[in-house]
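Undergrad: Provided herewith is a single structure, encoded as structure tokens, for subsequent inquiry.
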Ligand code: PGA
Ligand code: ZN
């Protein structure tokens, strides 16, 4: 049984240059492992709380010294020399020590860093790769590699709001290997960058996740340009490369309507518009098509589009099991975007993943817009048999670290890429 000897932590910087938490977990016997946590910008209201110092004189309040101190002092004092038979036992202790419903006291950033560092240290002790250990934590065997969905264009909160929607991603639908999927996405991205230079007279201006972010006149122009880039790459839109869209509608929702490029859009009008997009563009996945508070209208989205596209809940669900349960019961979504730091521990995220799978949903394992060079996300997506993985564009080392880890896992395991459109478990 693993005995935790010591926890230490460090404040490091993420891909936006903002502080985040890196934890190190040492086990009895001397084996040790580290993990770093990401941070979102377009965050959901139901997310577990990231503890920030709020000292405006330092990193404009984004400092993580309090979260780091929580690990170095309180968590180390409480957990050192304790044995934990399994991940769930450690995570349960972390939740109890924090004592708040949203991890506000010690911080989800502190708790998740410890949860992940412990998982890595135990994988080392058991001499298994992290993805195998994570599969064991979830309780289902390795089977496939996730299909990457790769950012092409960005808007919304990640790109200064030139269009309301946040991401247009490419889905290499026909690719049979990770290697092939990335090569296809590279070609489309290069063609898109050339199109942006020609059409908008600008070199690649990149958003937080590396998506191209020219001043698209409308969201429809953004989608049409994505189709043009696929065609310019000599690929068939919809057949070889499809599109995924993160509408991130919570971020332009105002009480009872959506603020769409300066005009008010009623809820039903937004659903009509999204239905038109699914008809006119090769979209296979629609994330946060409605706002996180708009529970009443999500079932309409599923009823109208759910047989043609994945209706994915990100801000709506925040990887929180009770919200996923509510969405299953009310048929408000048919796919989960899983971000471990939205809930704060590996075990709670595993519960979220299991719930979604048991309902027959697909699961996209997702990075955040603020990332580090740590690549545990790739192991998680393989270990938990993600149907898709959403990391960002094929640029910037914090994204590439994860793509490179996926390539290494593909080389090591020779697992096949999950069949499109995924391998959901049939509902019980
Ligand atoms: P975030 O955005 O990491 O900034 O929250 C990612 C997303 O909305 O999917
Ligand atoms: Zn999202």
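A quick yes/no check of all residues on (1) more than 16 Å from ligand 1 (Cβ to nearest atom); (2) under 30 Å from residue 110 (Cα atoms); (3) at pLDDT below 95:
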| site | (1), (2), (3) |
| --- | --- |
| 302 | yes, no, no |
| 311 | no, no, no |
| 322 | yes, yes, no |
| 345 | yes, yes, no |
| 351 | yes, yes, no |
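Undergrad: From the list 142, 124, 195, pick out the single residue that is away from ligand 2 (no atom under 16 Å from the Cβ), assigned to a loop (DSSP other than H, G, I, E, B) and either surrounded by fewer than 20 Cβ atoms within 10 Å (Cβ to Cβ) or under 21 Å from the mean Cα position of the chain (by Cα) (or both).
TA: Within the list 142, 124, 195, the selection yields 142.
Undergrad: Quick one: which of 356, 378 is within 16 Å of ligand 2 (Cβ to nearest atom), buried (at least 24 other Cβ atoms within 10 Å of the Cβ), at negative phi and assigned to a helix (DSSP H, G or I)?
TA: Testing whether each residue is within 16 Å of ligand 2 (Cβ to nearest atom), buried (at least 24 other Cβ atoms within 10 Å of the Cβ), at negative phi and assigned to a helix (DSSP H, G or I) leaves just 356.
Undergrad: If you don't mind, another one. Would you mind listing the strands (runs of 3 or more DSSP E) fully within segment 228-331 where at least 1 residues are farther than 21 Å from residue 386 by Cβ?
TA: Strands (runs of 3 or more DSSP E) meeting the threshold: 257-260, 263-265.
Undergrad: Right, something else. Does at least one position in segment 213-225 carry a residue that is within 16 Å of ligand 1 (Cβ to nearest atom), assigned to a loop (DSSP other than H, G, I, E, B), in contact with a strand residue (DSSP E or B) (Cβ under 7 Å, 6 or more places away or on another chain) and within 25 Å of residue 297 (Cα to Cα)?
TA: No, there is no match, as no residue in segment 213-225 is within 16 Å of ligand 1 (Cβ to nearest atom), assigned to a loop (DSSP other than H, G, I, E, B), in contact with a strand residue (DSSP E or B) (Cβ under 7 Å, 6 or more places away or on another chain) and within 25 Å of residue 297 (Cα to Cα).
Undergrad: Another question about this same structure. Failed condition for residue 182, given (1) away from ligand 2 (no atom under 16 Å from the Cβ); (2) crowded, with 23+ Cβ neighbours inside 10 Å; (3) within 21 Å of the chain's Cα centre (by Cα), with all others met?
TA: Checking residue 182 against (1) away from ligand 2 (no atom under 16 Å from the Cβ); (2) crowded, with 23+ Cβ neighbours inside 10 Å; (3) within 21 Å of the chain's Cα centre (by Cα), the one that fails is (2).
Undergrad: Only one residue in 235, 286, 212 is away from ligand 2 (no atom under 16 Å from the Cβ), under 21 Å from the mean Cα position of the chain (by Cα) and within 17 Å of residue 149 (Cα to Cα). Which one?
TA: Working: 235 fails: under 21 Å from the mean Cα position of the chain (by Cα); 286 fails: away from ligand 2 (no atom under 16 Å from the Cβ).
Going through 235, 286, 212 in turn, just one is away from ligand 2 (no atom under 16 Å from the Cβ), under 21 Å from the mean Cα position of the chain (by Cα) and within 17 Å of residue 149 (Cα to Cα): 212.
Undergrad: Could you list all residues from segment 321-342 that are within 15 Å of ligand 2 (Cβ to nearest atom) and either in contact (Cβ under 8 Å) with a residue 40 or more places away in the chain or surrounded by fewer than 21 Cβ atoms within 10 Å (Cβ to Cβ) (or both)?
TA: Within segment 321-342, 323, 335, 337, 338, 339, 340, 341, 342 meet the criteria.
Undergrad: For residue 114, are the conditions met, namely being in contact with a strand residue (DSSP E or B) (Cβ under 8 Å, 6 or more places away or on another chain) and either part of a helix (DSSP H, G or I) or under 15 Å from residue 383 (Cβ atoms) (or both)?
TA: yes
The values are calculated or read from the model by the stated rules, or taken from the named source; none is laboratory data. These figures come from a predicted structure and were not determined experimentally. As a convention, Cβ positions derive from the backbone with ideal geometry for all residues, glycine included, and neighbour counts pool all protein chains shown.
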